[in-house]
Structures are given as structure tokens and as C-alpha cells.
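Visitor: To start, I am sharing the structure in question, which I have written as C-alpha cells.
No value in this document is a laboratory result; all are computed from the given coordinates. Worth saying up front: this structure is predicted, and the values here are computed from it rather than measured. Glycine also receives a Cβ, built like all others from the backbone with ideal geometry; neighbour counts cover every protein chain displayed.
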Amino acid sequence: MEEKYVIFKDDDAGKDFPRLKKWVDVVLSNDAKGAIGLIGKYIKDPALSDYINSLDPAKIEIFCHGYSHSYVPFILRRFIGRNRILPLEFDRDIDSHNGSLKRYSTLESKYLNTKAISFGPPGNEWNNSVVDALVNNDFKIMFSWSKLSGNIFTIPLSGNLKQNSIEEFTKDYEKNKEDPIFTLQFHHADLTNEQFDLIAEVIDYLKKDEKRIFVTPSELLGISQENDEIMSVMTTMKK
Ligand SMILES: [Zn+2]
């Protein structure tokens, strides 16, 4: 039997520090791993950068979640039309995308001990020039719900933690049971206390019942070099 993997992806690090720590604590105390998406403009906050630097990158790996994280919520876009008032950070042109990634990387290299190789676009909104900008800026992996074209590895997103009980979770998870990579997305700032409690149960279920192995994005990229099935998932969307 092929190994099955799981990645926990948590967005918006920098917006809500206490809840970020709470999320990381739950993951680490249950012997799991995770990837946290840093919003560039918050990196210079010393409390945040000291905290990130104190984490073991083999267990909690950072990824780039944009610099400004400006995007228009879906519901609002339906009324005002895409891009008319506030352009999405990664639905502009290649120069703007390069600029955002460089602003992120400049702060990252100044304040942090580690360098992100993965990118998760704010609001999961992006256009094709983003992939070129990622390659230009030495990123290797992008999280995505949809098809990618370009020279970058993909970690496909599988679902969001929005359930309130382990029964609801396992029911939704049914559709992903056979997936070699299961990527669960979180927004720590929006989780209820019940959902924070649920995380431990989900970890236990994925490890014990599903025999999934927790990995970080760079660990998965390493595994793909020797595992054809994982390689094909990470590159199927690559044209
Ligand atoms: Zn976000």
C-alpha cells in the first residue's frame, strides 16, 4: 500500500497572534506538523518574528501568503465587479506580482531565519502571471484549488476546517479518502473554541484511522523525488 500524506495549511499569520499561537500549540502538542502562511507586512512585528524564529521548521514551516493581502471578499466582488475598486494582490500584472513577492522576501530575509519555498495566494485568487513571478522569485510550490500552468509544483487543496464535530468532518472527508495528499486549510482567526478542540480529534483520526503521515511542504517535495504517485499529483496540473 502506498503511503498517504496530510498537510495542514493555516492562512493569515500576522493578523491574530494569540490565535496563531493557539493553532500552532494544538498542532505541536498532538505531534502533527503544519504550514503557516505569513502576510509580509506583519513580519517586522518583533513579537511575530521572534515567535516564528523559535519554531522548528521541520514541524512548522512558513509559506508566503502575499505582502499586503489586499483582496475583495467574494460577496463584495459580485456587487462592485472584479478589480474596480481594490485590485486583488495577485490578480494584477507580472511587475506588481514580482513587487509583492520581493517586498515579502526582503522582510523575510531581514527578520526571519528561514526562507519560504511555498506560496498560497490570499483569498486563493491569482492569474497566470503569478506563476512566472513565483519562478522569478525562487518559489518552488504553490497551493491551489485549480489547474496551474507553468513551471512550479502544486499542492492541491482538499478542504477547509469548517465542521463542528468529528462526525461532520469524517463525512466530508469521505471524498478525499483515497487522495495520496490531503491538504486541509485553516484560518486560525476565524476558528471557534469548539473547532480548536476538534483539531486534536481530526489529527488523531487522520493518523490512527487513516494512517496518514503529517508532512511539511518541503518534506513532501523531497518525497516526490522518490515517489511517482506524489510526483504525479504535484505535477499533474503542471503543463
Ligand atoms: Zn488569507
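Visitor: Using the Cα centre of region 162-239 as origin and beta-carbon charges of +1 (Lys, Arg) and -1 (Asp, Glu), tell me which of Thr216, His188, Asn164 is placed farthest towards the positive end of the dipole.
Guide: Toward the positive end, the furthest listed residue is Thr216.
Visitor: Give Lys115/Lys177; Lys162/Lys211; Lys9/Lys211; Lys171/Lys211 a once-over and call out the pairs whose C-alpha atoms are over 27 Å from each other. Provide the component values of the computation, followed by the final result.
Guide: Working: Lys115/Lys177 32 Å; Lys162/Lys211 22 Å; Lys9/Lys211 19 Å; Lys171/Lys211 17 Å.
The answer is Lys115/Lys177.
Visitor: Using the scaling law 2.2 N^0.38 Å as the reference, what is the normalised Cα Rg of region 1-63? Each step should come with its number before you reach the end.
Guide: Working: Rg = 12.4 Å, N = 63, 2.2 N^0.38 = 10.6 Å.
This ratio for region 1-63 stands at 1.17.
Visitor: Provide the three semi-axes, in whole Å and in decreasing order, of the ellipsoid equivalent to the chain as defined by the square roots of 5 times the Cα gyration tensor eigenvalues. Working shown, then result.
Guide: Values: eigenvalues 137, 88, 73 Å².
The answer is 26, 21, 19 Å, longest axis first.
Visitor: Considering the convex hull of the alpha carbon atoms of region 152-239, report its projected area averaged over all viewing directions, in nm², one decimal. Could the numbers behind the result be given before it?
Guide: Numbers: hull surface 25.4 nm².
Its Cα hull, projected and averaged over all orientations, spans 6.4 nm².
Visitor: Size of the dipole of region 4-235 about the Cα centre, Lys and Arg at +1 and Asp and Glu at -1 on the beta carbon, nothing else charged, in debye to 20?
Guide: Dipole magnitude for region 4-235 comes out near 680 debye.
Visitor: Farthest toward the dipole's positive end in the chain, which of Pro122, Leu20, Leu206, given Cβ charges of +1 (Lys, Arg) and -1 (Asp, Glu) about the Cα centre?
Guide: Most positive-ward Cα: Pro122.
Visitor: Express the relative contact order of region 28-73 as a whole percentage, based on alpha carbon pairs under 8 Å and six or more residues apart in sequence. Don't skip to the end; give the middle numbers.
Guide: Values: 39 pairs, mean separation 25.5, N = 46.
After rounding, I find 55 percent.
Visitor: Output the peptides 135-145, 220-230 sorted from most to least packed, where packing is the average of other Cβ atoms within 10 Å over each peptide's residues.
Guide: The peptides rank, most packed first, as 135-145, 220-230.
Visitor: Also, I was wondering about something else. What number, rounded to the nearest 500 deg cm²/dmol, is the helix-based mean residue ellipticity at 222 nm of the chain, given -39500 (n - 2.57) per DSSP H run of at least four residues and division by all its residues?
Guide: Values: 9 runs with 91 residues, N = 239.
Value at 222 nm, helices only, nearest 500: -11000 deg cm²/dmol.
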